[in-house]
1. Is the shape of the stretch 395-468 best called rounded, prolate or oblate, per the rule: a/c under 1.5 gives rounded, else a/b larger than b/c gives prolate, else oblate, with a ≥ b ≥ c the square roots of the Cα gyration tensor eigenvalues?
2. What is the set of long-range amide H partners of D597 at a cut-off below 5 Å, with H atoms built 1.01 Å from backbone N?
3. Are there trypsin sites (Lys or Arg not before Pro) in the stretch 19-120 that DSSP puts in a loop and that have at most 14 other Cβ atoms within 10 Å, and which ones?
4. Express in Å², to the nearest 10, the accessible area of T274 obtained by rolling a 1.4 Å probe over the protein heavy atoms while all chains stay in place.
5. Taking the highest mean first, how do the peptides 206-216, 600-610 order by number of other beta carbon atoms within 10 angstrom per residue?
6. Give me the net charge for the shell around T661: Cβ to Cβ below 13 angstrom, other residues only, Lys and Arg +1, Asp and Glu -1.
7. With the cut-off at 18 Å, report for the stretch 544-613 the share of all Cα pairs above it, as a whole percent.
8. For I603, what charge total do you get from the other residues with a beta carbon under 13 Å from its beta carbon, if Lys and Arg give +1 and Asp and Glu give -1?
Amino acid sequence: MNRFMDIVRFWRASPRQPGSLLLASVTLAIGVAALAGAFTLMEAVLLRPPPWPNHAGVAVYGGRTADDPMRAASPSLYDMVGNPAPVLSRGAARMPEAMNVIYGRHRGLLRTQRVDVGFLSTLGVVPAFGERVPSRSGGAEVMVSHSLWRRWFGADPMAVGRMLLVDGQPMRISGVLPADYRFFTDVDLILPLVLPVDAVDRAENMTAVALLAPGSVAVFSDTVMGTAGRNAASLHLKPADRHWYGATSLDALTAPGASTTIWLCVGSALLVLTVAAMNVSSLMLSRALDRRQETSLLFALGATGWRPWMPALSAAVITALLAVAIGMPVGALLVMAVRPLVPDNWLASAGPLAPGSDVLVAVLASALLAALLAACSAAAHQHFASSGYPAPAFAPRRAYSAMALVQTALATLLLCASSAASLRWWRLDQRPLGFDHANALVMEVRAPPAWYPGRDAVERLTASLRARTLRLPGIETVGWSTQLPVGDGFVMPFLRPGGAVVRLQYVVVTPGALESLGLEKTHGRWLEDGDRGDSERVAVVNQAYLEQVDGRGVDGVVRPASGRHAARIVGVVANTPLGGVSAEVEPAVFVPLAQIDPSSFAIVRQWTSMYAVLRGPGVGPATADAFARIVEDMAPSLVPANARTLDQVAETAYAEPRRDTVLLSSFAGFALALACVGHYSVQAVEVISRRRMVALRGALGATPANLMAQVLRRALAWALPGVAMGLLAALAAHRWLFTTDSVLGMGDPWVFAIVVPVMTVATIAAVGLPAWRAAAVEPWRVLRSD
């Protein structure tokens, strides 16, 4: 009963002395936030079951490349493989594509995927409502995603049976997908796919899945490889490519390459929690030394057992609970910030990437354990000091000081990485992007083949919309392009002058597009209205084409590898960061829409949208609405979407260096905060435990400034070696882990010029309060009390 009352009295007294308790809780919350973020990622990526009930027995089959484990199959290969003995069921899905969807007042350019009758059943996916699609006859039915069902239909179960207009075709909603369903990417609609019995399409644009008998993946893989080898000629495969064909377990393709990264994150988070716990122990020791007279009185009155430890253990529980209350929301925010950096193929489920109850329990248990261990460490030292026994051989203060040194080295290393990433981002920002991104608007439009069946129909559509849009006030140029100056696009094979095949960025444009995109012309002319289908074939290339493919430039010739029409180069434009400012510049060929081969255009339009680009001083927030009204008036089945300025497009060029800077700065901020807390707690303990010595020096004539300087010198004596260790680690990382042109140029002298002053100032600021306490010691009061 007495022990329980001791705990109650301590808990009641805690709010009257909130400073040290709150500091300890915030310190531990840093570790809790890091651990919550790491555990959330681990649960979502590695532990959460995929949304396919049959995943353990399903294999994906077809061909793959050396750098991508995911397999793809052509309709021809899918038909040739058929249903051999190990296959219990099979299915296929096309690559996702954008489609115009209209339902009442809702209009959108949505992500869709066509699947055959066996795909969802092979995966074992059961609709949340309604029935699976498609029917065997390939009827006009569609399944909607759970998120679209909530957004457009308000989660109404009666949505099943209603009609949508998909690319101008009425389609009945047959069912709603489960809330967590996704197949390596998010889609809004599932449409039917009907494959012919004797397919002749050899393009590998499908994902083929098969539910196999247990233990038969290897046998089925050999079957697929043998089928590809026997039919290499009809599949247009080289004999040497046969070994790239086979089957891979679906589970093996889930979160590829994620395990090592996730476990490194968890290990780093546990290290941060350990460091935070050491700081909490030091803070608790500082508080315990302040209460040593009370503890000595307890021993003098005969306190035994756990009673002298109760205040420390009670403080540990309060600290852990407050740390979890503070750290869990911070961890959730950290996950939200990291979410754009997580590759889509890591997340099998469409469920939210947020900490669940299991993560909360694991984090709470870890925080309690860390806080109790920290409290026991502090209480043990206090127990020996207050009970009259000699102190243990291991001096805690030296251990805490050494820990502060290690924390300083870690913070310095991470601050070097953060500074290097920031400098790299700043330097990349100084490079010209190769296009003028001011006063321009981009909107994505996709013309459905059902309404615009060929190239000529699309050309007429774009020409009429362009003419109407040019009448808007303040619009000077308008054009259409299948690719923007930043971001990956469609790739086609071309021939070098010597005959070797090279794959180039292939961009289809209309007159006015290159000017509207703001590209910088370096030689020749733009593509013009006179470049018609019955005129000479022409093309514009970028500077990278001259540097990497053919240096002849204007009046040179670009030759498709298919042997179709060659085109004369009439202009050259500056390079733009197609893959981002940090990626290698890619050669690109721009061809007029009016001159592209109809069969090539059919392939291009299947996988890319058209972007309407409007440029002029009148471009503003109302321009997108005005353009959308023009499209709705002239082509009611089309839904312009994803309106953004070219300024926003230009910002995506810096996505990768910005991501590195934000991520590394977050870790550096955590480490720097812990290092500061470590220095504070070490010097706070030093000032309290050496209070009599400080008083003696004051009595012998030391001024407050001298006493403050002594504390600062002692802190810097531990901090500066830690900074030196961190700089040496940064140099080693730069030399051995990264190349000289690495993302992290941590050997840059400017990095050291930034980091050393920051760490020095942070250390001085961290020990400012203990230094002030040392200067405020009154010698006569301390010496008289002793």
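The values are calculated or read from the model by the stated rules, or taken from the named source; none is laboratory data. Here the structure is a predicted model, which is why all the values come from computation and not from measurement. FYI the Cβ positions are ideal-geometry reconstructions off the backbone, even for glycines, and counts take in every protein chain you see. These accessible areas exclude ligands, DNA and RNA; they are computed on the full protein's heavy atoms, side chains included. Shrake-Rupley method; radii C 1.70, N 1.55, O 1.52, S 1.80 Å.
1. Details: a/c = 6.95, a/b = 3.39, b/c = 2.05.
Judged from the Cα gyration tensor, the stretch 395-468 comes out prolate (a/c at least 1.5, a/b above b/c).
2. none
3. Sparse-neighbourhood loop trypsin sites (Lys or Arg not before Pro): R105.
4. Near enough 80 Å² of accessible area.
5. 206-216, 600-610
6. On the way: positive: R424, R427, R658, R659; negative: D429, E656, D660.
Result for the neighbourhood of T661: +1.
7. 50 percent
8. 0
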